[in-house]
Each structure stands twice: as C-alpha cells, then as structure tokens.
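Report on the following structure.
The numbers here are math on the coordinates, done by the rules we state, and not lab data. Just so it is clear, the structure is predicted and the values come from calculations on it, not from any experiment. Ideal geometry is used to build each Cβ from the backbone, glycine not excepted, and the neighbour counts take in all protein chains shown.
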Amino acid sequence: MNNRLKIAIQKSGRLSEQSKKLLRDCGIRFSNGKQALIASSGNFPLDLLYLRDDDIPRYVEDGTADIGILGENVLIESALPLRTVRKLGFARCRLSLAIPKSENYNDPAFFEGRKIATSYPKILTNFLNDKGINANIHRISGSVEIAPNIGLADAVCDIVSSGSTLFSNGLKEVERILESEAILIARDRLPAEKEVILESLLFRLESVLQAQANKYVVLNAPNDKLESISNILPGMRSPTVVPLAEKGWSALHSVLPENLFWNLIDELRQAGAEGILVMPIEKMIR
Ligand code: ATP
Ligand code: ZN
C-alpha cells in the first residue's frame with residue numbers, strides 16, 4: 001500500500017518522547033506505542049513503527065519503514081546509504097574518546113596498541129585509520145563507560161553530552177570524533193505518492209522547527225526611538241508598529257531568533273525599549 005508513509009521512531013529511550021512530541025506538534029494524532037509495535041494516525045497518512053534506534057537504519061533501507069528519526073551517530077555507524085532529510089535540533093551530543101583521569105594525554109598516538117571499548121566500532125575504526133593508529137577495538141553494547149574500571153579496556157569511545165557520566169566514572173574526554181543530533185532520514189528513492197506525503201510532513205515540520213527557533217517579541221517605545229529599535233530587530237519582514245493610548249508612544253511587534261535573544265534584549269533596552277514581552281510561537285510559516 002503506497003498511500004501511507006511509514007515512519008520508524010525509537011520505542012523507548014532518549015529520542016522517543018521528543019520524536020512523538022514533534023509529530024504531535026505537526027498536528028498528527030496517534031496512539032502511544034507503549035504496548036503496540038505499530039500505530040496508525042487517524043488524521044494524517046502516517047503509520048508509526050516503534051523500534052530500537054539501532055534497527056532503524058536497516059528497516060528504512062529494506063523498506064519496512066520509509067523514513068525514520070534517529071541520532072546521526074547511529075546513521076553513520078550503520079554505514080547505510082540513506083538520505084538525511086532534516087536535522088531536528090534535539091538530542092545533541094558527541095562521540096568522544098575518553099581515558100582514565102590519571103593518564104597523561106598529548107595526542108591520538110596514546111591509543112596505539114590500547115584496548116578501547118565502544119558501541120561504535122565502525123566510526124572508531126575510521127577515526128583511528130585516519131590517524132594511522134592501530135588499537136584493539138572491543139565492541140560492547142551498553143554501559144561502555146565502566147569498561148576501564150573493571151579492567152575491560154584502557155579507554156572508551158562513547159556518547160557524551162555534559163561529560164558528567166564520564167567524570168563520575170573517573171574518565172576524561174580527550175578527543176571529539178563526531179557531533180550528533182536527531183535527524184529525519186529517508187530511503188533514497190520513495191514511490192512518488194510517498195514523496196508527496198513526505199513533502200507535506202516536511203512542510204509542517206519546518207513550521208514547527210522554525211517556531212521553536214524563534215520568539216514573538218512585543219515592546220513599547222517612544223516614537224522617536226522606533227527607527228533605531230526597528231534596526232536592531234531581524235524580524236520576518238519589518239516589525240508591526242501599533243500606536244499606544246499614551247501619546248507619542250507605540251508598541252512594536254516582531255520575531256526574534258531564540259539564539260540571539262539575550263544579546264538583542266540588552267541592545268533593545270539600551271535603545272529605549274520598555275515593557276518587553278517575549279512569547280513562544282506555536283507555528284511559523286514563512
Ligand atoms: P535503544 O534501546 O533504542 O537501542 P539506546 O540505549 O541505544 O536505545 P539511547 O540512550 O536512548 O539509546 O540514546 C538514543 C540516542 O540519543 C543516541 O543514539 C544519541 O544520538 C542520543 N543521545 C545519547 N546520549 C545522549 C545524551 N547524553 N544527551 C543527548 N543525546 C544523547
Ligand atoms: Zn540503541
């Protein structure tokens with residue numbers, strides 16, 4: 001049946017809640033997948049498969065699913081020729097090499113002849129080959145960070161976000177191999193009907209992700225300051241200006257990128273803005 005698109009998402013783990021939230025923010029309704037392996041949306045031509053994240057690339061490749069949400073790290077480790085359709089901006093992390101805190105470290109030559117525990121043998125092998133280093137890669141599938149403590153390895157190659165897990169296991173991060181975030185992937189050639197559904201999903205995703213990346217800002221300013229304040233704001237077009245009941249004052253409405261927010265707020269205050277309100281945006285269509 002080609003008139004529905006099948007998406008694979010993580011059944012339970014760090015990606016599952018945000019993956020489901022993102023689809024729901026796109027207005028797609030479906031049941032939770034606590035028991036079932038598959039759910040069908042009643043208001044969008046999408047079926048959901050709840051899987052282990054490591055299985056997602058293979059299932060998208062072999063056609064069991066058409067698209068999927070997973071970490072870039074897992075896609076790269078799979079080495080399958082799938083297309084990255086959109087970066088999704090959550091589950092940011094990196095794949096790093098870490099060694100016991102007490103060891104001295106200068107450069108990757110440290111790893112020559114050492115035993116490294118990892119769940120990412122392919123990515124690690126490529127990294128070491130690049131540097132011309134021969135190490136002994138020990139593949140384990142969970143709790144990699146305890147390997148040095150129990151004498152299983154000299155070092156680990158593992159996912160890091162804050163570094164606190166490494167630290168509490170007596171390890172320090174010494175090389176960053178890869179940056180990762182959640183992505184939407186697709187099989188290279190989808191039937192035309194499915195491509196159409198994917199386009200329509202992407203349109204919704206874009207409006208949700210754009211909205212998350214921006215804030216709606218309303219502020220008051222004396223009319224003679226409006227121009228210099230407008231120049232600070234990189235709005236969707238020009239800001240909307242509405243006169244206030246108080247003579248000589250206006251309210252200015254605009255949209256600000258979340259990442260510029262604090263910098264610009266200071267500039268705006270210095271330029272004479274008062275009563276600044278900042279609000280989340282639900283959907284944003286350019
Ligand atoms: P599964 O049971 O599905 O195989 P898992 O244990 O392999 O799950 P999780 O720990 O749920 O995987 O992590 C899923 C993905 O989330 C990782 O592949 C990575 O992209 C990202 N991730 C892992 N750890 C972190 C972290 N500390 N911070 C942010 N993102 C992370
Ligand atoms: Zn996994």
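General remarks:
- Report summary: the helix-based calculation at 222 nm, which adds -39500 (n - 2.57) for every DSSP H run with n ≥ 4 and divides by the residues of the chain, gives -8000 deg cm²/dmol.
- Within region 30-123, the percentage of alpha carbon pairs spaced more than 15 angstrom apart rounds to 71%.
- Scattering curve values for region 214-280, log₁₀ I(q)/I(0), Debye with Cα scatterers, q = 0.12, 0.17, 0.27, 0.28 Å⁻¹: -0.25, -0.50, -1.29, -1.39
- Its relative contact order, with pairs defined as Cα atoms under 8 Å and 6+ residues apart, puts region 231-286 at 30 percent.
- Relative contact order (percent, whole number), the chain, Cα cutoff 8 Å, 6+ residue spacing: 19 percent
- Working note: Cα gyration tensor of region 93-180, eigenvalues times five, square-rooted, sorted largest first, giving semi-axes of 17, 14, 13 Å.
- The alpha-carbon atoms of the chain define a convex hull whose volume equals 183 cubic angstrom per residue.
- Euclidean distance of C-alpha centroids, region 158-188 and region 77-93, integer Å: 14 Å
- Just so you know, the Rg over Rh for region 79-133 is 1.05, from Cα atoms, with Rh as the Kirkwood radius.
- Rounded D (µm²/s) - region 149-276, Kirkwood Rh over Cα pairs, Stokes-Einstein at 25 °C, 0.890 mPa s: 125 µm²/s
- Axis of helix 16-25 versus longest Cα principal axis of the chain: the two differ by about 30°, to the nearest ten degrees.
- Rg over Rh [alpha-carbon atoms, Kirkwood Rh] for region 1-158: 1.07
- Farthest towards the positive end of the charge dipole of the chain, among the residues Pro222, Ile67, Ala153, is the Cα of Ile67, using unit charges on the Cβ of Lys, Arg, Asp and Glu.
- Against the chain, whose longest principal axis is taken from its Cα atoms, helix 192-212 shows a tilt of about 60°.
- Exposure proxy order (Cβ contacts within 10 Å, fewest to most) of Thr84, Thr64: Thr84, Thr64
- Across the cross-link table entries Lys20/Lys215; Lys172/Lys215; Lys11/Lys283; Lys21/Lys131, which are compared at the Cα atoms, the separations over 31 Å belong to Lys172/Lys215; Lys21/Lys131.
- Relative to the Cα centre, the charge distribution of the chain, modelled as +1 at Lys and Arg Cβ and -1 at Asp and Glu Cβ, gives a dipole magnitude of about 680 debye.
- Burial ordering of Leu88, Leu97, fewest other beta-carbon atoms within 10 Å first: Leu88, Leu97
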